[in-house]
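Below is one structure, written out as structure tokens; comments come after it.
The values are calculated or read from the model by the stated rules, or taken from the named source; none is laboratory data. On a predicted model such as this, the values are computed, not experimentally measured, just so you know. Here the Cβ positions follow ideal geometry from the backbone for every residue, glycine too, while neighbour counts run over all protein chains shown. Side chains are part of the model used for accessible areas, which takes the heavy atoms of the whole protein and leaves out ligands, DNA and RNA. Shrake-Rupley method; radii C 1.70, N 1.55, O 1.52, S 1.80 Å.
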Amino acid sequence: MKHTLAMVGFGGMAGWHYDLIEEFEDLTVAGVWDIKEEQRELARSKEIHVYGSLKELLADPAVELVLVATPNDAHKEIAIRAMEAGKHVISEKPVTLSSKDLREMMDAAERTGMFFTVHQNRRWDGDFLTVKKVIESGSLGEIYRVESRVHGSRGIPGDWRQEKERGGGMVLDWGVHLLDQIMLFFPDVKLQTVYATLTHVTNHLVDDGFTADLGFANGVHILVEVGTSNFINLPRWYVLGSNGSAVITNWGQDMQVVRAVGKTEEDVVPVRTAAGLTKTMAPRRDDSICTEEVMVEGGNVKEFYQNVMAVLEKREESIIKLSQVMRVMKVMEAIFESDATRQVINLED
Ligand code: NAD
């Protein structure tokens, strides 16, 4: 079955979608609408049809699906208008700016019977999939802490991402990806507490980074961090279990795993440091640990659109569940509240 999509907003991310869609035989782009003439001109230069207005795009009976790829504050209104015009909708992340707005979007989907989903593409990141697999395999023993970080040193891009009203800031921009991944590790376990601090190193209007501690009912704590003034990066992933640890230092790197192999170490040789002595922190003997490299295999992000088409053809359920999107939205709200009140926020009990 062939499917046709139109794009609202033709900036950086829409270009990425356009290139990806070109790889499909059963999905085509009918055209785009952008409020900026320069972006419309860019589309024309690529021989992409440009509509005269959003209204004209929504009135085109050939369009079955609308991709909303505008700045974050515009997603809600465009998505609801599109569903009311009888179009299925893919919204870019973050779906919108609050759980109240998301509720309105979900109500519109129910009212109109249209399919509404969110492009949570980082579910197909190889590093995330590898960490998830290692956690689920039990090879590290009982997991008690996971740390997920993205670090850069260039501040926030100088566009709408610096404006609060437009949904700028790093919680909504990168946090939404990292939290979406984290919430898939223990989907049935309640997230009881959130404690977070935001940073404003380069920008006072929106957060340019944050650190959040998520406390789950199974005792696991997950630290999520986004930094944009970090000139030395900490590892992308650090996973601690009762029987071993795993680390992925950066995108494109494999996972290093170190596990205990059950040999007791009664003959620990204390380490002498300049000002003292320690047995606790002495390194392990080589025969009591096993070190391995786990290959990170990239997921196939084309599965996102394959799944969207299968949902439209009633062959599959959506991989991205709106209940998951809502859960992440509430965690982001708890992060803002925790920073503002300097309190631990009790979330799900
Ligand atoms: P961008 O600024 O490059 O592009 C946004 C475009 O939308 C601009 O061309 C702008 O003129 C246009 N626009 C603004 N308001 C509009 C309106 N009301 N109607 C029509 N067009 C409008 O931004 P971007 O980086 O492409 O980001 C767009 C969306 O994609 C954001 O929600 C962002 O969070 C998301 N994004 C997602 C990923 C991902 O990995 N999933 C990566 C980057 C961006």
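Tabulated values for the structure
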quantity	calculated
Residue check for residue 81: under 20 Å from residue 33 (Cβ atoms) and touching a residue at least 24 places away in the same chain (Cβ under 8 Å)	yes
Residues that are part of a strand (DSSP E or B), within 11 Å of the ligand (Cβ to nearest atom) and β-branched (Val, Ile, Thr), drawn from the range 7-35	8, 32
Pairs where the first residue, in the range 52-65, is within 19 Å of residue 2 (Cα to Cα) and in contact (Cβ under 8 Å) with a residue 24 or more places away in the chain and the second is within 15 Å of the ligand (Cβ to nearest atom) and open to solvent by 60 Å² or more (accessible area, probe 1.4 Å), C-beta under 8 Å, 6+ apart	58/81
Inter-residue pairs, beta-carbon under 8 Å, first acidic (Asp, Glu) and in the range 199-222, second open to solvent by less than 60 Å² (accessible area, probe 1.4 Å) and in a strand (DSSP E or B), 6+ apart	207/198; 207/199; 208/199; 213/193; 213/194; 213/196; 213/222; 213/223
So residue 64, is it over 30 Å from residue 334 (Cα atoms) and more than 14 Å from the ligand (Cβ to nearest atom)	yes
Pair list, Cβ < 6 Å and 6+ apart or interchain, from the range 93-105 residues that are more than 14 Å from residue 165 (Cα to Cα) to residues that are open to solvent by less than 30 Å² (accessible area, probe 1.4 Å) and away from the ligand (no atom under 16 Å from the Cβ)	102/326
Pick from the range 136-160, criterion under 23 Å from residue 182 (Cα atoms) and open to solvent by 50 Å² or more (accessible area, probe 1.4 Å), ranking: farthest from the ligand (Cβ to nearest atom)	142
Unmet criterion (only one of (1) farther than 20 Å from residue 174 by Cα; (2) surrounded by 12 or more Cβ atoms within 10 Å (Cβ to Cβ)) for residue 233	(1)
Any strands (runs of 3 or more DSSP E) falling wholly within the range 128-219 and containing at least 2 residues that are of a type in the set (D, E, K, R)	143-151
Criterion violated by residue 71 - all others in (1) in contact with a Phe, Trp or Tyr (Cβ under 9 Å, 6 or more places away or on another chain); (2) crowded, with 18+ Cβ neighbours inside 10 Å satisfied	(2)
Where residue 86 falls short, out of the listed (1) assigned to a helix (DSSP H, G or I); (2) surrounded by fewer than 22 Cβ atoms within 10 Å (Cβ to Cβ); (3) not aliphatic (A, V, I, L, M)	(1)
Conditions (1) within 28 Å of the chain's Cα centre (by Cα); (2) farther than 19 Å from residue 321 by Cα; (3) of a type in the set (Val, Ile, Thr): number failed by residue 50	(1)
Wholly within the range 242-339, strands (runs of 3 or more DSSP E) carrying at least 1 residues that are modelled with pLDDT of 95 or more	244-248, 255-260, 289-294
Exclusive hit being polar (S, T, N, Q), out of contact with any His (no Cβ under 9 Å at 6 or more places or on another chain) and either within 14 Å of the ligand (Cβ to nearest atom) or part of a loop (DSSP other than H, G, I, E, B) (or both), set 96, 70, 4	70
Flag if residue 133 is more than 10 Å from the ligand (Cβ to nearest atom) and open to solvent by 20 Å² or more (accessible area, probe 1.4 Å)	yes
Residues that are surrounded by 11 or more Cβ atoms within 10 Å (Cβ to Cβ) and either without any contact (Cβ under 8 Å) to a residue 12 or more places away in the chain or in a helix (DSSP H, G or I) (or both), drawn from the range 36-50	36, 39, 40, 41, 42, 43, 44
Check on residue 294, among the β-branched types (Val, Ile, Thr), touching a residue at least 24 places away in the same chain (Cβ under 8 Å) and under 21 Å from residue 106 (Cβ atoms)	no
Residue 168 vs. criteria farther than 16 Å from residue 323 by Cβ and within 16 Å of the ligand (Cβ to nearest atom)	yes
